[in-house]
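In what follows, a structure is listed as structure tokens, so that the remarks can point back to it.
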Amino acid sequence: MPDTSPAPHAALSLSDVTFSLMGNAGRVEILKGISMEVAAGETLGLVGPSGSGKSSLLMLMGGLERATSGRVTALGTDLTPLGEDALARFRRDNMGVVFQSFHLIPTMTALENVATPLELAGAKDAFDRAEAELEAVGLASRAGHYPSQLSGGEQQRVALARASAPRPRLLLADEPTGNLDTKTGQQVIDLLFSLRDRHGATLVMVTHAAELAALCDRTVRLHDGRVAPDQPVEAPA
């Protein structure tokens, strides 16, 4: 029998992964036999039309959704058999995730939003590290503000600081500029790539913007739940 283990340099490996959900009209097949690898240190853009399965694929990579069949391996760990607690610990110790809608806790200040996950992980210097991360995204002066007191761009920068604070080996970003204007979105992308460089992380980013996809080392295009044949993704002239 051939060895189907992921290559040792792969940060992420998916083998014949399917993902389906039960809808009102029956079971809906969202991902259909995805097999791919992401090399350690690589920046990968996931592109494709709405409904093609990009965000679902990213969620499987982060252990935030569970594959219906197939195998998802992250940093040499098979996520498929892990329970919810084990998956949560794995994400806490190895991953940073950035969502389009920020997902900040409204009753916590910017500093507390960044520090709390570190505290839960047992970091004794949680608040010092949180302050350093907020300074790195240009928000040291806003550390005591609540999300409702911050602009959309500032909230996303807090979310970036929170994702970066654990010094993750994997950064996953789902349309990180989707709710931002062009100028603010470019600032967030610059920060995201800077944080990736600081930690030497592997970055996987879902985006509908060709100019963002063109910044990645490689792109994978999804169509109807499958990996489409290779096509260059170019920024508009």
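Quick notes
- Scanning the stretch 91-126 for residues that are in contact with a strand residue (DSSP E or B) (Cβ under 8 Å, 6 or more places away or on another chain) and of a type in the set (Lys, Arg) yields a total of 1.
- Members of the stretch 98-128 found to be among the acidic types (Asp, Glu) and more than 17 Å from residue 157 (Cβ to Cβ), listed by number: 119, 125, 128
- Residues satisfying the stated conditions in the stretch 65-78, i.e. under 24 Å from residue 22 (Cβ atoms) and surrounded by fewer than 18 Cβ atoms within 10 Å (Cβ to Cβ): 66, 68, 69, 70
- Restricting the stretch 174-222 to residues that are of a type in the set (Asp, Glu) and out of contact with any helix residue (DSSP H, G or I) (no Cβ under 7 Å at 6 or more places or on another chain), the residue that is surrounded by the most Cβ atoms within 10 Å (Cβ to Cβ) is 175.
- Conditions (1) part of a loop (DSSP other than H, G, I, E, B); (2) modelled with pLDDT of 90 or more; (3) open to solvent by less than 30 Å² (accessible area, probe 1.4 Å); number of the one not met by residue 171: (1)
Let's see how each residue does on (1) touching a helix residue (DSSP H, G or I) at 6+ places or on another chain (Cβ under 7 Å); (2) open to solvent by 30 Å² or more (accessible area, probe 1.4 Å); (3) over 30 Å from residue 210 (Cα atoms):
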site: 36; (1), (2), (3): no, no, no
site: 41; (1), (2), (3): no, yes, no
site: 55; (1), (2), (3): no, yes, no
site: 80; (1), (2), (3): no, yes, yes
site: 101; (1), (2), (3): no, yes, no
site: 104; (1), (2), (3): yes, no, no
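- Count of the stretch 106-121 residues which are outside any helix (DSSP H, G or I) and either modelled with pLDDT of 90 or more or surrounded by 22 or more Cβ atoms within 10 Å (Cβ to Cβ) (or both): 4
- Check on residue 192, part of a helix (DSSP H, G or I) and within 15 Å of the chain's Cα centre (by Cα): yes
- Residue, farthest from residue 111 (Cα to Cα), within the stretch 139-151, restricted to residues that are without any contact (Cβ under 8 Å) to a residue 40 or more places away in the chain and open to solvent by 30 Å² or more (accessible area, probe 1.4 Å): 151
- Close pairs from the stretch 196-214: first part of a helix (DSSP H, G or I), partner surrounded by fewer than 16 Cβ atoms within 10 Å (Cβ to Cβ) and among the hydrophobic types (A, V, I, L, M, F, W, C), Cβ under 6 Å, at least 6 apart: 210/235; 211/235
- Meets criteria (of a type in the set (Lys, Arg), under 21 Å from residue 93 (Cα atoms), buried (at least 16 other Cβ atoms within 10 Å of the Cβ) and touching a residue at least 60 places away in the same chain (Cβ under 8 Å)) for residue 162: yes
The values are calculated or read from the model by the stated rules, or taken from the named source; none is laboratory data. All of these numbers come straight from a predicted model, not from anything done at the bench. Here the Cβ is made from the backbone with ideal geometry for all residues, glycine too, and neighbour counts use every protein chain on show. Heads up: the accessible areas ignore ligands, DNA and RNA and are worked out on the full protein's heavy atoms, side chains in. Shrake-Rupley method; radii C 1.70, N 1.55, O 1.52, S 1.80 Å.
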